[in-house]
Amino acid sequence: VLGYCWSFLNPLLTMMVQYFVFSTVFRFDIENFPVYLLAGNIIFSFFTESVAQGLMSIVGNSSLITKVYVPKYIYPVTKVMSTAINLFISIIPLLLVVLITGERINFTILLLPYALMCLLIFCLGIVLALSAINVFFRDVQYLWNIVSLIWMYATPIFYPADIIPENLRFIQTVNPIYQIITFIRTILMDGVSPSPQVYLNCLIGAVISLFIGTFIFKKTQNKFALYI
């Protein structure tokens, strides 16, 4: 009934539930917690959704791959791009929450496409790798549920980053999703450009992911028809 409205409602309802839990039950002293929480939720939800759908893109299109010649990378790419539509729609309620909570939207919002570009490239790399591996090891789709859950709790989405012990802070540095979330939180909540290191971290994570994903996909794509 609600159709495309779920693209607005889903992140907002999720944010409201988590806002109640982590601001009342497990209280954290985070400035403008609704924006902090929603920014993390939207980015991580897109990440998990695009990967979950994309890793089945080759196996799920086995009838086409074995009968019709189409460049095989088209399947994972289209999954990521179709999921990105919901991401772009979800940015609208994020900006509304920014305004409602009293934050100002200034010219730093023009930096948002950089973060979203890095996010798309990073997700595409992960999807290329996992969709290829899933052809040979079908348990990947189940393992991903566990990995994504661990990844979520390892990423400061609903808790402050500074509660992580000092000896584990390196996890944040090597976590591209956290770097992208930090980038977006900085431009929306602080109204300033992130540090050059954050720019670099986002880009490095995206490029490495795409390189590895493309390498694995190209190395294995000629064998897909034998295993699907």
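The values are calculated or read from the model by the stated rules, or taken from the named source; none is laboratory data. Since the model is a prediction, treat every value here as computed from it, not as a measurement. In this analysis, Cβ positions are derived from the backbone assuming ideal geometry, glycine residues included, and neighbour counts consider all displayed protein chains. Note: areas computed on protein heavy atoms with side chains; ligands, DNA, RNA excluded. Shrake-Rupley method; radii C 1.70, N 1.55, O 1.52, S 1.80 Å.
Selection within region 139-167: residues that are more than 21 Å from residue 123 (Cβ to Cβ) and in a helix (DSSP H, G or I). The member of this set that is most open to solvent (accessible area, probe 1.4 Å) is 166. Return yes when residue 136 is surrounded by fewer than 20 Cβ atoms within 10 Å (Cβ to Cβ), at pLDDT 90 or above and in contact with a Ser or Thr (Cβ under 8 Å, 6 or more places away or on another chain) and no when it is not. The answer is yes for residue 136. Among the residues of region 61-93, just one is more than 20 Å from the chain's Cα centre (by Cα), crowded, with 17+ Cβ neighbours inside 10 Å, assigned to a helix (DSSP H, G or I) and not β-branched (Val, Ile, Thr), namely 61.
Checked against (1) within 30 Å of residue 57 (Cβ to Cβ); (2) surrounded by 13 or more Cβ atoms within 10 Å (Cβ to Cβ), residue 187 passes all but condition (1).
The numbered conditions (1) at pLDDT below 95; (2) part of a helix (DSSP H, G or I); (3) over 19 Å from residue 76 (Cα atoms) are all true for residue 203 except (1). Once region 94-119 is narrowed to residues that are surrounded by 12 or more Cβ atoms within 10 Å (Cβ to Cβ) and among the polar types (S, T, N, Q), the residue that is farthest from residue 14 (Cα to Cα) is 108. Of the residues in region 190-202, at least one is free of Cβ contacts under 8 Å to residues at least 60 places away in the same chain, small (Gly, Ala, Ser) and open to solvent by 20 Å² or more (accessible area, probe 1.4 Å). Within region 138-154, can one find any residue that is within 22 Å of residue 51 (Cα to Cα) and charged (D, E, K, R)? So far as region 138-154 goes, yes, one or more of its residues are within 22 Å of residue 51 (Cα to Cα) and charged (D, E, K, R).
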